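**Student:** Below you will find the structure I want to go over with you.
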Amino acid sequence: MIRLQQLIGLPVYVNDTGKLVGKVKDAWFDEHWQLQGLVLEFAKWFAASVRVVKWSEVLNCGSDAIMIGNEQAVLTMKQGLVQRAFLSGIVKLKDLPVVTSAGVQLGRLSDVYFYPFQGTQIVGYELTDGFVSDLMEGRKWLKAPGDPDEVLLGEDAIIVPAVSESELEPVAASNFSE
């Protein structure tokens, strides 16, 4: 399992040439919040386009670098096409409140977990109640429901089933669950 924030800042290299094509700036999702690709840092200020690598072009995702097959895997696309992203985009996943269908806020989204090459669906959420609470109590982890239709990843909040409140675990425990 990989935490999405572990990917932010990693260099992206071409496997055959060793050429650095950029560093990961963000992750890009489709309307069902399936991971579509990585957004790379772009040197132009106020650019109307972004450089992306589709997730299907990623050969390996290591702890120190991401490897792609060739330079043609890096695409330039209009910034408006990256509708949903973790840190940027029109809808940002990070810091969205996670609320049960019963109206109980479980925390704000700090990170997401996924298996890198098994469909790229989000499998868990790391939640925070703020800096002081993180220091005192630690962050919480919520396993994503097996049926993705049970979670609404909306514009202003993530709505999860009411039972999710009883399924919260400390983040450390999530590192060992599968």
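The values are calculated or read from the model by the stated rules, or taken from the named source; none is laboratory data. This one's a predicted model, so the numbers in the text were calculated from it and none came from an experiment. Positions of Cβ are generated from backbone atoms using ideal geometry, with glycine treated the same way; all protein chains shown enter the neighbour counts. Note: accessible area is taken over every heavy atom of the protein model, side chains too, but ligands, DNA and RNA are not part of it. Shrake-Rupley method; radii C 1.70, N 1.55, O 1.52, S 1.80 Å.
**Student:** Within the stretch 88-157, list the GluC sites (Glu not before Pro) lying in a DSSP loop whose Cβ has at most 15 other Cβ atoms in a 10 Å radius.
**Tutor:** The qualifying sites are 155.
**Student:** Over the chain, with the other protein chains present, what is the accessible area per residue in square angstrom, probe 1.4 angstrom?
**Tutor:** 54 Å²
**Student:** Okay, moving on. I'd like the chymotrypsin sites (Phe, Trp or Tyr not before Pro) in the stretch 6-64 restricted to DSSP loop residues with at most 10 other Cβ atoms within 10 Å, sorted by number.
**Tutor:** Here the chymotrypsin sites (Phe, Trp or Tyr not before Pro) that fit, given the DSSP loop and packing criteria, are 45, 46.
**Student:** Would you mind telling me the antiparallel percentage of the DSSP bridges in the chain, rounded to 5?
**Tutor:** Roughly 85 percent of the DSSP beta bridges within the chain come out antiparallel.
**Student:** Sort 88-101, 63-76 by packing, meaning the average of other beta carbons within 10 Å per residue, with the highest value first.
**Tutor:** By packing density, highest mean first, the sequence is 88-101, 63-76.
**Student:** At 1.4 Å probe size, with the rest of the protein present, what percent of the exposed accessible area of the chain is carbon and sulfur atoms?
**Tutor:** Here carbon and sulfur together make up 52 percent of the probe-accessible area.
**Student:** Could you pull out the pairs from 23/140; 54/78; 25/92; 25/143 whose alpha carbons sit more than 18 Å apart here?
**Tutor:** Correct reply: 23/140; 25/143.
**Student:** I'd like the trypsin sites (Lys or Arg not before Pro) in the stretch 1-88 restricted to DSSP loop residues with at most 16 other Cβ atoms within 10 Å, sorted by number.
**Tutor:** 19, 44
**Student:** About the Cα centre, and with charges only on the beta carbon of Lys, Arg (+1) and Asp, Glu (-1), how big is the dipole of the chain? Nearest 20 debye, please.
**Tutor:** It works out to roughly 760 debye.
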